[in-house]
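Contents: one structure, followed by commentary.
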Number of protein chains: 4
Amino acid sequence: MSSVSNPKHTAILDAAYALFGSGGFYETKMSEVAEKAGIAKGTVYLYFKSKEDLFMAVTRRDCEGFLQQLEVKLGAENSLPGKLSVIAKHHLFYYYERKQHTKLFFRAPNNNPELVAYMALFMEQYMQAVVKVLVEGGAVEPELMAKSYIGMLDRLKMDILFDPQFAEADAHKRAQFVADLFIGGAIGNINPAE
Amino acid sequence: MSSVSNPKHTAILDAAYALFGSGGFYETKMSEVAEKAGIAKGTVYLYFKSKEDLFMAVTRRDCEGFLQQLEVKLGAENSLPGKLSVIAKHHLFYYYERKQHTKLFFRAPNNNPELVAYMALFMEQYMQAVVKVLVEGGAVEPELMAKSYIGMLDRLKMDILFDPQFAEADAHKRAQFVADLFIGGAIGNINPAE
Amino acid sequence: MSSVSNPKHTAILDAAYALFGSGGFYETKMSEVAEKAGIAKGTVYLYFKSKEDLFMAVTRRDCEGFLQQLEVKLGAENSLPGKLSVIAKHHLFYYYERKQHTKLFFRAPNNNPELVAYMALFMEQYMQAVVKVLVEGGAVEPELMAKSYIGMLDRLKMDILFDPQFAEADAHKRAQFVADLFIGGAIGNINPAE
Amino acid sequence: MSSVSNPKHTAILDAAYALFGSGGFYETKMSEVAEKAGIAKGTVYLYFKSKEDLFMAVTRRDCEGFLQQLEVKLGAENSLPGKLSVIAKHHLFYYYERKQHTKLFFRAPNNNPELVAYMALFMEQYMQAVVKVLVEGGAVEPELMAKSYIGMLDRLKMDILFDPQFAEADAHKRAQFVADLFIGGAIGNINPAE
DNA sequence: TATGAATGAGTTTTCATTCAT
DNA sequence: CATGAATGAAAACTCATTCAT
């Protein structure tokens with residue numbers, strides 16, 4: 001994989017990330033990718049054997065970055081609430097910073113088994129990272145809890161992706177809200193007087 | 001839209017629902033839709049002005065059904081925990097019954113503002129239904145809580161959609177799990193001894 | 001096969017026959033075929049599912065015509081020498097009339113098993129027609145003799161195809177020459193005095 | 001053309017001969033030729049200015065070899081029947097030994113005037129070699145006879161090329177058959193009793 | 001209304017050839 | 001001489017949409 005450091009390889013991935021992210025797989029043309037990367041159409045095929053292959057590579061790079069950064073951040077935190085807060089912030093800020101690339105996951109090529117398998121693997125790895133945190137905190141049914149937590153974060157992420165007004169401070173508040181809700185439950189936010 | 005009750009209109013929607021659901025937007029052909037509906041290709045265009053228009057109609061019908069059924073079920077329940085449980089079951093069973101149509105939402109046409117707007121509207125309506133329940137229960141920040149709840153459900157829905165082994169009883173347990181977690185929080189599931 | 005009488009089907013076959021015949025398979029473009037047939041590119045694909053499929057159809061029509069005409073002509077002749085002469089004339093005139101379509105057989109698509117099988121079948125049928133004539137004449141080893149005769153004709157056909165000066169009368173003489181040579185052998189043409 | 005003896009030049013020709021022969025012109029890639037020759041793609045162009053040029057060179061070398069060997073063999077034989085037998089054997093064995101390279105002649109580039117001219121020249125030379133034998137034997141119309149003889153051989157060659165069962169002994173018998181048929185004519189093989 | 005034959009714009013991919021090193 | 005990364009022209013094929021009947 002010396003190609004990882006190849007500048008053209010990287011330029012293609014960057015161009016494809018931007019285009020797939022904003023237009024989705026089907027509406028991104030290989031010619032656009034080449035143009036944005038500043039190379040000829042044929043050159044893209046020297047580095048990636050097909051459009052699907054390129055999409056896989058883009059996805060892979062993005063997911064790996066997501067998981068690696070999460071690991072680093074979790075390592076610097078000890079308490080369960082602290083770690084859950086780290087996860088929430090990571091999830092929401094990661095997408096906050098990538099608002100432009102909304103469609104990378106939403107508009108993936110249909111019926112590509114390799115991609116489906118990879119996305120399942122990514123989710124599994126992400127979930128296991130959360131599971132580990134929960135298990136260390138003594139959780140029962142950690143898998144379902146992890147999925148639930150990720151689900152909460154993912155839904156709130158939507159507002160970030162689709163709301164052009166969304167600001168960094170909002171992401172901050174929202175991350176904390178989810179972490180608190182997850183730990184304390186809705187009961188803590190419900191006015192008993194009512 | 002008197003055509004709503006037109007049998008051909010319905011046949012097209014049914015055919016499109018099945019095909020878009022299993023193959024996604026881009027990999028479904030209008031000719032297939034026509035064939036499955038038992039009519040000629042040109043006839044589809046008498047009822048829907050384009051492929052995107054048809055997809056919109058399919059989506060709309062599905063979402064409206066989802067919301068209407070939810071309203072009915074919520075009307076038969078009074079307590080907050082009961083209503084949250086109803087929401088969870090509705091969400092999970094709705095997709096359990098539609099396992100075959102995984103791709104209706106995942107593989108939508110890109111860059112169609114009308115569809116994006118409609119999906120946002122649907123989410124808003126769904127959220128408002130949950131918000132109403134939460135507000136009646138005296139919740140603070142009901143919108144964020146509603147989104148979080150829906151997010152939890154949505155993530156768990158994935159297992160239903162992609163796990164061929166998933167059985168009805170599992171959906172039941174999972175729905176209850178989410179409702180409980182949402183109300184009591186993770187703290188209720190964490191072993192204090194640890 | 002009602003399409004056989006379809007005028008568009010026929011127009012495409014005619015256009016393809018002319019183009020494949022003069023330019024060969026690889027250098028004939030589907031767009032050229034469409035243009036020559038006076039229809040749109042996509043329309044060609046309504047009648048033939050691929051370029052190879054079209055080539056097969058063209059080949060088939062040509063070969064069937066060749067064999068059918070031969071049968072008719074052989075039926076009108078009784079003696080062995082007469083029949084051999086008929087074969088020679090048919091072979092040579094068939095190609096004389098089709099000088100423009102030289103490349104139909106020479107430049108066929110590579111590695112297409114269906115085509116290879118069909119050409120083998122055609123040769124077998126042609127050979128069997130000649131074999132039948134020879135057997136009726138009491139020949140020993142009729143298959144090898146039939147192949148040899150066809151081979152002689154085929155080689156002489158080349159002059160017709162590639163010599164622009166070649167006239168109908170020449171074809172006539174040549175056909176008779178081959179028939180005589182085949183029956184009498186070289187010995188009849190060799191001057192014993194030398 | 002001092003490059004004739006250059007080992008790289010030869011390696012390219014050998015590689016191209018093998019690939020063009022088994023895959024035909026259009027389905028052989030220059031990169032494959034380079035790889036099989038053990039050199040870089042660009043290097044091929046130092047020796048041959050284009051793919052067609054390379055094909056020409058391969059064809060030329062093969063045809064020259066065919067004619068040279070024929071001359072040698074004919075020089076060692078005196079009688080007319082003996083020489084005709086030599087020709088038949090040479091023709092059939094040459095292809096018997098090259099069964100793998102079926103496509104060298106069948107799948108040539110279309111519309112290349114230089115190649116067409118060369119093949120015509122080759123045929124002319126081959127024919128003249130046969131003509132010379134016939135003239136020495138006192139033949140009338142030696143050109144047509146030569147072409148006929150070559151044609152017989154060529155058709156029988158087909159069985160060799162396409163029949164995987166074909167063995168050396170069969171080639172032997174067939175060569176003799178053709179020589180006899182050519183000299184004695186069909187009349188010699190026809191049962192007069194019939 | 002209903003049909004389905006016809007259209008043609010649009011996209012991926014290949015591969016011979018070039019040329020800077 | 002040798003290399004192989006880069007190029008970009010070229011072509012098959014698809015399929016949403018139209019429209020004459």
Q) So how many residues does the stretch D:23-41 have that are at pLDDT 95 or above and either within 29 Å of C:T28 (Cα to Cα) or of a type in the set (A, V, I, L, M, F, W, C) (or both)? A) 10
Q. Going by the conditions given, is D:G75 among the small types (G, A, S) and touching a Ser or Thr at 6+ places or on another chain (Cβ under 9 Å)?
A. no
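Rundown of residues vs (1) more than 8 Å from DNA strand E (Cβ to nearest atom); (2) within 23 Å of the chain's Cα centre (by Cα), yes/no style:
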residue: A:I12; (1), (2): yes, yes
residue: A:A15; (1), (2): yes, yes
residue: A:F25; (1), (2): yes, yes
residue: A:E35; (1), (2): yes, no
residue: A:G42; (1), (2): no, no
residue: A:L46; (1), (2): no, no
residue: A:K49; (1), (2): no, no
Q) Here are some conditions: (1) more than 16 Å from DNA strand E (Cβ to nearest atom); (2) out of contact with any Lys or Arg (no Cβ under 7 Å at 6 or more places or on another chain); (3) of a type outside the set (G, A, S). D:L74 meets all but one. Which one does it not meet? A) (2)
(Q) Given the criteria more than 18 Å from the chain's Cα centre (by Cα) and either facing chain C (nearest Cβ under 9 Å) or among the aromatic types (F, W, Y) (or both), does D:L144 qualify? (A) yes
(Q) Restricting to the stretch A:34-63, name every residue that is polar (S, T, N, Q), over 14 Å from A:A11 (Cα atoms) and in contact (Cβ under 8 Å) with a residue 24 or more places away in the chain. (A) A:T59
Q: Determine, yes or no, whether D:D53 is of a type in the set (D, E), in contact with a Phe, Trp or Tyr (Cβ under 8 Å, 6 or more places away or on another chain) and open to solvent by less than 60 Å² (accessible area, probe 1.4 Å).
A: no
Q: Filter the stretch C:175-189 down to residues that are in contact (Cβ under 8 Å) with a residue 60 or more places away in the chain and more than 7 Å from chain D (Cβ to nearest Cβ), then give me how many there are.
A: 3
Q. How about the stretch D:3-45: which of its residues are in a helix (DSSP H, G or I), open to solvent by 40 Å² or more (accessible area, probe 1.4 Å) and not hydroxyl-bearing (S, T, Y)?
A. D:V4, D:P7, D:K8, D:D14, D:E32, D:E35, D:K36, D:K41, D:G42
Q.
Looking only at the stretch A:15-33, count every residue that is farther than 22 Å from A:E97 by Cα and touching a residue at least 60 places away in the same chain (Cβ under 8 Å) and tell me the total.
A. 2
Q) If we scan the stretch D:50-71, do we find a residue that is among the basic types (K, R), under 21 Å from D:A175 (Cα atoms) and away from DNA strand F (no atom under 13 Å from the Cβ)? A) no
(Q) With the requirement that a residue be open to solvent by 40 Å² or more (accessible area, probe 1.4 Å) and assigned to a loop (DSSP other than H, G, I, E, B), what does the stretch D:147-166 give you? (A) D:D163, D:P164, D:Q165
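The values are calculated or read from the model by the stated rules, or taken from the named source; none is laboratory data. All values reported here derive from a predicted model rather than from experimental measurement. When we count neighbours, we look across all protein chains shown, and the Cβ atoms used for this are built from the backbone with ideal geometry, even at glycine. Quick note on the areas: whole protein, heavy atoms, side chains included, nothing else; ligands and nucleic acids left out. Shrake-Rupley method; radii C 1.70, N 1.55, O 1.52, S 1.80 Å.
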